[in-house]
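Down below is the structure, laid out as structure tokens.
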Amino acid sequence: MAQITAKAVNDLRIKMGVGLMDCKRALVEADGDEEKAIKILREKGLATAAKKLARIAAEGIVESYIHMGGKIGVLLEVNCETDFVAKTDAFKLLVHNIAMHIAAANPAYLNRDEVPADVIEKEKEIIRAQALNEGKKEQFVDKIIEGRINKFYKENCLMEQQYMLDPDMTIEQIVTEAIAKIGEKITVRRYTRYAMGEGLEKRQDNFAEEVMSQMA
């Protein structure tokens, strides 16, 4: 068995933001392999996070993010369980990064439950017509509709969008990881995004690219 040094334990604690004993146990289980230990901690953390989802989150903060030059503004409410956590740097950074993501990605809905039924029905009609026009057989159309509707959710619902700072993760996944690290239920409750001159006829700017350049 590999020798587990205090430095290895502390390095893992800094990376994962969990207790020293949890880090040591993970390293022992992984026989000193840090990558395996990280995977172990994440798996255990996500399982713990799932149990916290039934708890009440009534504290939190409202974050405002204004894009440079005042072109885009976002107001975002994210809830947690205690005022103590709401004041921590980790929680504030999470909320700020989600607000920046909203500014760049412009999600139309918070989650799929907020998408009106008539919007989905209209999308299904369009997809069905497209599939038949493409020569797809009728027996395969329903499966095509299901796949493209799921793609619609991923593109338009905040919680299912790929996180701008880490495209391998969705917003829902980064929130779940934050729950595992912080130890409290966290809920993205609501947001509003404003774009300067929205609804007026004007030159089209690529706001997403501008916001992404700032995030980088």
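The values are calculated or read from the model by the stated rules, or taken from the named source; none is laboratory data. Just so we're clear, the structure is a prediction, and the values are computed from it rather than from any experiment. So basically every Cβ, Gly included, is an ideal-geometry build from the backbone, and we count neighbours across all protein chains shown.
Which residues, counting only those in segment 149-164, are hydroxyl-bearing (Ser, Thr, Tyr) and in contact with a strand residue (DSSP E or B) (Cβ under 8 Å, 6 or more places away or on another chain)? Show your work before the answer.
First pass over segment 149-164, keeping only residues hydroxyl-bearing (Ser, Thr, Tyr): 153, 163.
Hit for segment 149-164 is TYR163, nothing else.
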When every residue in segment 1-19 that is modelled with pLDDT of 80 or more and part of a helix (DSSP H, G or I) is compared, the one surrounded by the most Cβ atoms within 10 Å (Cβ to Cβ) is LEU12
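Rundown of residues vs (1) outside any helix (DSSP H, G or I); (2) among the polar types (S, T, N, Q); (3) in the same structural domain as ARG190 (by TED's automatic domain parsing); (4) under 30 Å from ILE98 (Cα atoms), yes/no style:
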position	(1), (2), (3), (4)
ILE120	no, no, no, yes
LYS124	no, no, no, yes
ILE127	no, no, no, no
GLY135	yes, no, no, no
GLN139	no, yes, no, no
ILE144	no, no, no, no
LYS151	no, no, no, yes
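Okay, residues lined up against (1) buried (at least 17 other Cβ atoms within 10 Å of the Cβ); (2) among the hydroxyl-bearing types (Ser, Thr, Tyr):
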residue	(1), (2)
LYS137	no, no
PHE140	no, no
GLU146	no, no
LYS151	no, no
MET164	yes, no
THR170	yes, yes
When restricted to ALA30, ALA58, the only residue at pLDDT below 80 and either over 20 Å from GLN173 (Cβ atoms) or small (Gly, Ala, Ser) (or both) is ALA58
>> Against the condition in the same structural domain as LYS185 (by TED's automatic domain parsing), in contact (Cβ under 8 Å) with a residue 24 or more places away in the chain and crowded, with 17+ Cβ neighbours inside 10 Å, how does ALA90 come out, does it pass?
In response: no
Log entry, pairs with first residue in segment 123-144 being within 20 Å of GLU155 (Cα to Cα), second being small (Gly, Ala, Ser), beta carbons closer than 7 Å, six or more apart or on different chains, reads ILE144/ALA131
Subset of segment 63-87, residues exposed (fewer than 15 other Cβ atoms within 10 Å of the Cβ), in a strand (DSSP E or B) and either acidic (Asp, Glu) or in contact with a helix residue (DSSP H, G or I) (Cβ under 6 Å, 6 or more places away or on another chain) (or both), comes to none
